[in-house]
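One structure below.
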Amino acid sequence: MQTEKIYNQDGYCRTFKARVLSCEALAEVRSDGAAFGVILDKTAFFPEGGGQSSDTGNLGNAYVMDVQEINGEIVHMTDVELPVGEELVAELNWEERFRKMQNHTGEHLLSGIVHKQFGYDNVGFHLGTDGMTVDFSGTLTPAELNFVEYVANRVVGLNVPVTVSYPTPEECARMDYRSKLDLVKDVRIVTIEGWDVCACCAPHVTQTGAVGGIKILSCENWKGGIRLHVLCGLDAMDDYTCRIEQTARISQQLSCKQLEVAEAVERVMKASQAEREKSAKLRRVILDMKVSALEATDGNIVMFDDILDNNNLRDWVNAGVQKAGGICAVFQGNDEDGYRYIIGSRSVKLRAWSKDFNAALNGRGGGSDEMIQGTVKAGEAEIQAYLK
């Protein structure tokens, strides 16, 4: 007996009763906790397909964390075993389902407008818990993307009908509809009246007004075309709220109006760059002073610093190597968190020497015979004592 697909005709079905036809233990418990595969006589749970992740929800006392179509059967992955033959009440995670319907219908609308206006095909689609991406076979300028987004949201406001139909093969042959596959039978057509006709297996809202709004977040080049990151409806609202909160925090920190944060950040970045350049010059002066203060010795030179950057430290060590009969080592950090080191030498083969050094001071690192770098979890007194 094949499972009746309630979601094909009624995307708004949230709860239903279904009889358990079979319940089989999976070969092994999945990472998400699924341990059993359940087949029902009917289901409103949409299985993963067409670029969209599956619905989740409850089935009796079991949690449905995934739904897959396997060998023509719709299998509900549950965390507990269910009795075969028993009729159970099922409930979808409606918030998740509705958000997916908003996004998927919004994607159809965007794709239909792009196809009509620019002739590009939708060649890729993904809708999961991490957002939605849409791939097109050609490129669009920022102005063209703004146009597409504006028209799509106008159509949302018009609240036009979104309908589902099952045309015969003969009717399909006469129809002009979008499809990534060469379909010949059991074709499910989703129509946004006046704007798009597309073959699709997923649930959709019944009026464009339910999409609630469409926002293109970003665009990137993708396999000769473009990939759009898009959010619709409640997902778009959540994203907007998060962005407003971030903008408010930045504007407060920079003491500027929210709509002026970009200019304020640019000013801060320019000032920061100027300070970095000034600091680099000052560090170079300090380095020259430290190099001038180096004295020749037959033993080791051990130095500690909290000002110079990595390039300065290497230059300091290179200068010290010319003065030291043993090694020249510089350490930067503190006793609590540890130190990073650069060590050089003309007389000691450091690659072999570093094994004992790292073992004694709880260190990690390596390099060549002439210079090594790494970190140690030891205090300054321990380091000084070891290298004395």
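So, in region 140-195, of the ones that are open to solvent by less than 70 Å² (accessible area, probe 1.4 Å), in contact with a helix residue (DSSP H, G or I) (Cβ under 8 Å, 6 or more places away or on another chain) and part of a helix (DSSP H, G or I), which residue ends up farthest from GLY209 (Cα to Cα)?
GLU144
Please verify whether LEU282 is open to solvent by 60 Å² or more (accessible area, probe 1.4 Å) and either aromatic (Phe, Trp, Tyr) or within 30 Å of ILE244 (Cβ to Cβ) (or both), treating the condition exactly as stated.
Criteria not met by LEU282.
What strands (runs of 3 or more DSSP E) completely inside region 328-388 contain at least 1 residues that are closer than 15 Å to MET303 by Cα?
338-345, 371-376
For region 112-123, how many residues meet the condition of being in contact with a Ser or Thr (Cβ under 9 Å, 6 or more places away or on another chain) and buried (at least 19 other Cβ atoms within 10 Å of the Cβ)?
The qualifying residues number 1.
What residue, among those in region 1-16 that are of a type in the set (D, E, K, R) and touching a residue at least 40 places away in the same chain (Cβ under 8 Å), is least open to solvent (accessible area, probe 1.4 Å)?
Top of the filtered list is LYS5.
Between ALA274, ALA264, ALA236, which is over 24 Å from PRO142 (Cβ atoms), at pLDDT 95 or above and of a type in the set (A, V, I, L, M, F, W, C)?
ALA274
Of all the residues that make up region 57-100, how many are under 31 Å from the mean Cα position of the chain (by Cα) and open to solvent by less than 30 Å² (accessible area, probe 1.4 Å)?
Going through region 57-100 one residue at a time, the tally reaches 14.
Of all residues being farther than 23 Å from LEU234 by Cβ and small (Gly, Ala, Ser) in region 124-139, which is most open to solvent (accessible area, probe 1.4 Å)? Just the residue, please.
SER137
How about region 36-52: which of its residues are at pLDDT 95 or above and either open to solvent by 10 Å² or more (accessible area, probe 1.4 Å) or of a type in the set (Gly, Ala, Ser) (or both)?
Hits for region 36-52 are PHE36, GLY37, ILE39, ASP41, LYS42, ALA44, GLU48.
Exactly one condition in (1) farther than 27 Å from TYR12 by Cα; (2) touching a residue at least 40 places away in the same chain (Cβ under 8 Å) is not met by VAL134; state its number.
Going through the list (1) farther than 27 Å from TYR12 by Cα; (2) touching a residue at least 40 places away in the same chain (Cβ under 8 Å), VAL134 breaks only (1).
Test each condition in (1) assigned to a strand (DSSP E or B); (2) open to solvent by 20 Å² or more (accessible area, probe 1.4 Å); (3) closer than 30 Å to CYS198 by Cβ for ARG19 and report the one that comes out false.
For ARG19, the failing item is (3).
The values are calculated or read from the model by the stated rules, or taken from the named source; none is laboratory data. On a predicted model such as this, the values are computed, not experimentally measured, just so you know. Backbone-built Cβ (ideal geometry, glycine too); neighbour counts: all protein chains shown. Keep in mind that these areas ignore ligands, DNA and RNA; they rest on the heavy atoms of the full protein, side chains included. Shrake-Rupley method; radii C 1.70, N 1.55, O 1.52, S 1.80 Å.
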